[in-house]
1. Working from the alpha-carbon coordinates of the range 4-74, get Rg over Rh, Rh being the Kirkwood radius.
2. Using Cα pairs closer than 8 Å and at least 6 residues apart in sequence, work out the relative contact order for the chain, in percent.
3. If the cut-off is a Cα-Cα distance under 26 Å, which lysines reach K222, setting aside same-chain residues fewer than 8 apart in sequence?
4. Find how many whole Å separate the alpha carbon centroid of the range 1-78 from the alpha carbon centroid of the range 108-126.
5. Quick check on the exposure proxy: order W178, W113, W58 from fewest to most C-beta atoms within 10 angstrom.
6. Take S148 and D110, extend 7 Å from each Cα along the Cα→Cβ direction, and tell me the distance between the two endpoints in nm.
7. On full extension of the chain, what length is gained from D139 through S32, given 0.36 nm per residue of separation minus the C-alpha to C-alpha distance?
8. Multiply the residue gap between L193 and D67 by 0.36 nm, knock off their C-alpha separation, and tell me the result in nm, one decimal place.
Amino acid sequence: MPCTECPLRPLALFVDHTPEELELVQSLKRRSLRVEAGETLIHEGQTDSPLYTLLQGWAFRYKTLSDGRRQILTFLLAGDFIGVQQKMGDAAAHGVDTLTSASFCLFQRDALWEIHRRSPTMGFNVTWLTAHEESLVDDTLLSVGRRSAEERIASTLILLFKRAAALQDDKGKGGVVWPLTQQHIADALGLSLVHTNKTLRKLEKRGLHEIKDGRLYLRDVKALARLADLYGDGHPPQRPLV
């Protein structure tokens, strides 16, 4: 698919790019890739992973301990740029798995250098995307370190809902796709599976949210935001797309 026909570019979430910038991205793209749910895109320790842009679907970054315990670092949605961290070291310090079937644009391994060399603006865009993802990890760290179980889950529900809603035409009025299991939530927030289950049910009984038929609905956003101690409208900022 040519970059000019990318279905993400018309969305208000993404900034416009010049024809020259699109031509640069197109020249570095190698192919499109379709991956089924539950597959590993990047293995921890992998040394030859390319760069990807997630075009459709959900994925997540994670690290594991030797006994198999897993910490989910961030959830990845359409438009996210994947693999930059591995380019800063000798090997991937984290893995990336798909949550749903997903489509990716795959870029050549030296694309990161070429982007910075040939277009300072696009180089800045990559830096912006990396910094933005770091801010998402910062919020997860705040949740794990200081928020209660209710606050952690409330924050996660709001932030992921807003990110997913920004990719939909109805902006989430009919809910958003919710492929996360309770185990994913537990692994992201440092909670036990039992505690996660009890907390989700407690918040749902209070009328704050509903998860039904693979979709998430926020029934009382203001109450959830107060509980999570979140300020602002929670909408993701307009962002570049590589």
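1. Values: Rg = 15.8 Å, Rh = 15.2 Å.
For the range 4-74, the value is 1.04.
2. Working: 400 pairs, mean separation 55.2, N = 242.
It comes to 23 percent, rounded to a whole number.
3. K162, K171, K173, K198, K202, K205, K212
4. Centre-to-centre distance over Cα atoms comes out at 16 Å.
5. Going from sparsest to densest Cβ surroundings: W113, W178, W58.
6. 5.6 nm
7. On the way: separation 107, 0.36 × 107 = 38.52 nm, distance 3.15 nm.
The D139-S32 span can extend by a further 35.4 nm.
8. Details: separation 126, 0.36 × 126 = 45.36 nm, distance 1.73 nm.
Working it through step by step, the gained length comes to 43.6 nm.
Every number in this text was worked out from the coordinates using simple rules, so none of it is lab data. Model, not experiment: these values are computed from the prediction. Neighbour counts are summed over all protein chains in view; Cβ atoms, including those assigned to glycine, are modelled from backbone coordinates with ideal geometry.
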